[in-house]
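What follows is a set of notes on a single structure, which appears directly below.
The values are calculated or read from the model by the stated rules, or taken from the named source; none is laboratory data. From a predicted model like this one, the values you see are computed outputs, not experimental measurements. All Cβ positions, even for glycine, are placed from backbone atoms using ideal geometry, and neighbour counts span all protein chains on display. Note: areas computed on protein heavy atoms with side chains; ligands, DNA, RNA excluded. Shrake-Rupley method; radii C 1.70, N 1.55, O 1.52, S 1.80 Å.
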Amino acid sequence: MKTNILIITGHPDSQSYCAALSDAYRKGAAENDKVQVREIDLGKIEFDPNLQFGYRQRTELEEDLKQAQELIRWADHLVFVYPTWWGSMPAILKGFIDRIFLPGFAFKYRDNSSLWDKLLKGKTAHLIVTSDTPSWYNKFIYRSAGHSVMKRNILHFCGIAPVRITEVGPVKPSSEQQRAKWLDKVKRLGSKLA
């Protein structure tokens with residue numbers, strides 16, 4: 001039985017360091033013959049990230065988003081690779097989540113209840129997040145706010161657990177040698193399915 005892994009690159013620039021990290025994870029995972037890997041690069045697909053009417057009125061999904069939902073259904077393990085911008089994820093990733101993690105797909109509100117059904121139960125996730133902020137500063141000063149939103153408020157809300165987090169950075173002042181080490185680390189994570 002193979003494990004299905006979906007790598008979602010949440011940087012709008014397909015030539016970014018995040019794209020290189022996604023590629024490293026994919027190469028590592030490809031070394032394991034017990035996995036199948038698929039990818040979504042948000043810099044290459046076409047969709048409107050604006051959930052224009054919220055949940056009041058349905059916004060039809062573009063073809064790329066329909067395919068993304070099918071890939072998420074298919075996946076056992078989701079790997080999100082994205083940078084921290086202004087303490088959170090880039091707008092393109094937030095818009096992607098807004099558009100496809102919809103009621104009836106990712107969760108379902110219960111009638112006359114404050115509870116909901118988590119429709120993506122059984123899936124796990126790994127966040128690989130770049131930042132220019134040192135991890136200690138993010139943890140103690142910012143209280144890892146962006147990580148918390150993604151892990152607890154989005155993925156756990158939909159039933160995806162456990163969610164592991166790997167921080168990469170600070171990237172801006174790093175050397176080419178350091179960036180190569182991070183790529184190697186992420187490749188090893190992929191090979192171990194971390």
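Here are some notes:
- Segment 122-136: number of residues that are open to solvent by 50 Å² or more (accessible area, probe 1.4 Å) and either at pLDDT 95 or above or among the hydrophobic types (A, V, I, L, M, F, W, C) (or both): 3
- Exactly one residue out of Tyr82, Tyr55, Tyr109, Tyr25 is touching a strand residue (DSSP E or B) at 6+ places or on another chain (Cβ under 8 Å) and free of Cβ contacts under 8 Å to residues at least 12 places away in the same chain, and it is Tyr109.
- The set of residues from segment 149-194 being exposed (fewer than 13 other Cβ atoms within 10 Å of the Cβ), among the polar types (S, T, N, Q) and either under 27 Å from Phe96 (Cα atoms) or in contact with a helix residue (DSSP H, G or I) (Cβ under 7 Å, 6 or more places away or on another chain) (or both) comprises just one member, Asn153.
- Across segment 94-121, the qualifying residues are those that are of a type outside the set (Lys, Arg) and open to solvent by 70 Å² or more (accessible area, probe 1.4 Å), and the one among them that is farthest from Ile160 (Cα to Cα) is Asn112.
- Qualifying residue in segment 35-57 (condition: closer than 27 Å to Lys192 by Cα and more than 15 Å from the chain's Cα centre (by Cα)): yes
- Here Ala91 does not qualify as open to solvent by less than 20 Å² (accessible area, probe 1.4 Å) and of a type outside the set (Asp, Glu).
- Elements of the type helices (runs of 4 or more DSSP H) sitting completely within segment 85-157 and holding at least 1 residues that are of a type outside the set (A, V, I, L, M) and within 15 Å of the chain's Cα centre (by Cα): these cover 91-100, 145-148.
- The numbered conditions (1) in contact with a helix residue (DSSP H, G or I) (Cβ under 9 Å, 6 or more places away or on another chain); (2) modelled with pLDDT under 95 are all true for Tyr82 except (2).
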